[in-house]
Each structure stands twice: as C-alpha cells, then as structure tokens.
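The values are calculated or read from the model by the stated rules, or taken from the named source; none is laboratory data. Just so we're clear, the structure is a prediction, and the values are computed from it rather than from any experiment. A quick note on method: Cβ atoms are made from the backbone with ideal geometry, for glycine too, and the neighbour counts reach across all protein chains shown. In case anyone asks, the SASA skips ligands and DNA or RNA and just uses the protein heavy atoms, side chains included. Shrake-Rupley method; radii C 1.70, N 1.55, O 1.52, S 1.80 Å.
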Amino acid sequence: MRYGVTIIPFEPWEQVVAWAREVEELGFDYLWLPDHLVNPYGPRPFYESWTTLAALSRETSRVRIGTLVSSIVFREPRLLAKQAIAADHASGGRLEVGVGAGSEEDNEAAGLRPWTPRERSDRLRAFVDELDGLLRGNERRGFPLQRPRPPLTIAAWSPRNLRLAAERADRWNTMGGYGLSAEDGLARARDQNDRLDALCREVGRDPRSLTRSFLHGYRWVAETPFASSDAFAAFVERYRDAGFDELFFYYPPERFSPEGTVNRDVLELLGTLSE
C-alpha cells in the first residue's frame, strides 16, 4: 500500500509550504492539491492549484505532486498540458496529472450554465482524449521529463467515466460517495472497483495494470482511521482487501476529522508504511 495526502491551500503561504515539507518529512508518497475556483470545503478562499503546485515543487524534493483533480469545467487541454510539462520539469519529473468531470459548483463559479450528467461525461472523454496526446509533447511545445508522459489519474464514479478510466488512465481515484457510513463507503468503493475490473477486461486491458486509489474524507465516508493504530490498520486492511493500491487523506487530518479522533502517533507512523 502507498499513501498520499491532499492539502487544501487556504492558509497563508508560509503555512502551505510548512505542510508540504511536513508531508515529505513524514515519508508520504504523494502530495495532492484540489482544483477549484472557489473553496468547496469552507468559506475561506484558497490559492490556484497549478501555480501552487509548481511553487511547492521547489519546496520539496522527493514526494510526488499532482492535482486531485483538475476540473475540466474551467481548464483547457492545450494550456493544461503546457502547465503540466512545465511543472514536470520544475519538480524534476515528479508530476502526477489528475483530471475529473468537475461539479455543478465549478460551473457556477466559472459563470457557466449547468451541464447534464451525460454532457459532463462526454466533455470529460473529449478532454482526456485530447490531453493524453498533448501531455506527450512535441518539438514545438516541448517534452515532459517523464516519458511518454506524466502519469494520468482519472477520478470517476459513473459507468461511462469508469470505462474512460479503464481505457486511458494510469490511476483511478474515487471517494466512494457522499455522506456514507463506514460500511456503505467501503461497499460502494468495492463495487466501483469490481465494475472497473470488468470494464478493463472488456477493453482488453489487464485490470491490475490500472492503479486503484481511494481518497478518504470524513464528509464523504464517516470513518476515523487516525483514531488509533488499530483503527488505521483495520482501515488499510479493508481497503486492501477491496482491491485498492493507494490511500489518500486530507492533511492535516485534525482539520477534517471530528474532534478527538486523530492520534498524531498514527500519523507519524503512516509515512513509514509505504511499500
């Protein structure tokens, strides 16, 4: 199992940098940033994702960095690919590119009309189809350090978007759902993973060639894995049994968990457990 964290960069810049350095020092494998025009997690605004990502790449040296995930609502494939190639060089080849279909809140913040679920899915497919080639670069636009391109993560829940992940992604990510119990969240994630296995076989792909990742947040799935070492070990074992390769958490977890449910000793140990 590999581990990563998502930072919500809504503090003064010095605090964001401190968190990124802590994440690296703790031994985590990945440092992720969300990508929204406005903060969907609270009232405070936060820094733009790709600018922050490039800056944090110069404040770290080992941890892999990326977006979880860039929203297609206000991004454009050619510019995003150009940003990604620059960030891959700035980070010394540590970039992960994550994309997703975005949300109704993204449309509202961008001043766009709402999209139907099918239109959102169609737009995601068209975006990924174009971005996949652009990330590989050319003589005029430049090439990434990682060849043939930086790894591509697709966040997906719906059957159509899961199929896209089976066809094009290096990593699939899910949060399970919204407002679920621990049991229902695990069951939902397991079902999505099983469907992805079947879709990989349909498109002629070895299912295990696609990395499976789960982003845990208490607002999505009401579980407290940092409460104790036993709770964390049980959480990891359940998601490993469900077929997941990587677990991601919001950082620092005290800001995103019920009061009194985070034992810092567990956090200190977490980064040492990566395989």
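What to note about this one:
- The charge dipole of the chain, taken about the Cα centre with unit charges on the Cβ atoms of Lys, Arg (+1) and Asp, Glu (-1), comes to about 1060 debye, rounded to the nearest 20.
- Between R94, R212, R240, the residue with the greatest mean-square fluctuation in the GNM of the chain (Cα pairs under 10 Å linked by springs) is R240.
- Projecting the Cα atoms of L186, M175, A156 onto the charge dipole of the chain, computed from C-beta unit charges around the Cα centre, puts A156 farthest toward the positive end.
- Applying 1/(1 + (r/R0)^6) with R0 = 35 Å to the Cβ-Cβ distance of D170 and D265 gives a FRET efficiency near 0.55.
- Distance from the C-alpha centroid of the range 29-100 to that of the range 117-194: 15 Å, rounded to the whole angstrom.
- The range 135-237 - accessible surface per residue (Å², probe 1.4 Å): 45
- Calculated over the range 1-135: convex hull of Cα atoms, volume per residue (Å³): 116
- Dipole magnitude for the range 67-187: computed about the Cα centre from +1 point charges on Lys and Arg Cβ and -1 point charges on Asp and Glu Cβ, it is near 560 debye.
- Descending principal axes extents, the range 163-238, alpha-carbon based, whole Å: 41, 23, 16
- The range 146-275: C-alpha pair distances exceeding 27 Å, %: 22
- Residue with peak Gaussian network fluctuation, the chain [Cα springs, cutoff 10 Å], from T153, T116, T174: T116
- Cleavage-rule hits (GluC sites (Glu not before Pro)) in the range 23-52: DSSP loop, at most 13 neighbouring Cβ within 10 angstrom: E48
- Additional length obtainable on full extension of the chain from A18 to R62, 0.36 nm per residue less Cα span: 14.3 nm
- Rg ratio (alpha-carbon, reference 2.2 N^0.38 Å) - the chain: 0.96
- The range 131-275, accessible surface, carbon-and-sulfur percent (1.4 angstrom probe): 49
- Highest-fluctuation residue, L95, L164, L31 considered, GNM on the chain with Cα pairs under 10 Å: L164
- Among the GluC sites (Glu not before Pro) found in the range 96-194, those both in a DSSP coil and sparsely packed, with 10 or fewer other Cβ atoms within 10 Å of their Cβ, are E139.
- Over the range 87-162: Kirkwood hydrodynamic radius from C-alpha pairwise inverse distances, Å: 14.0
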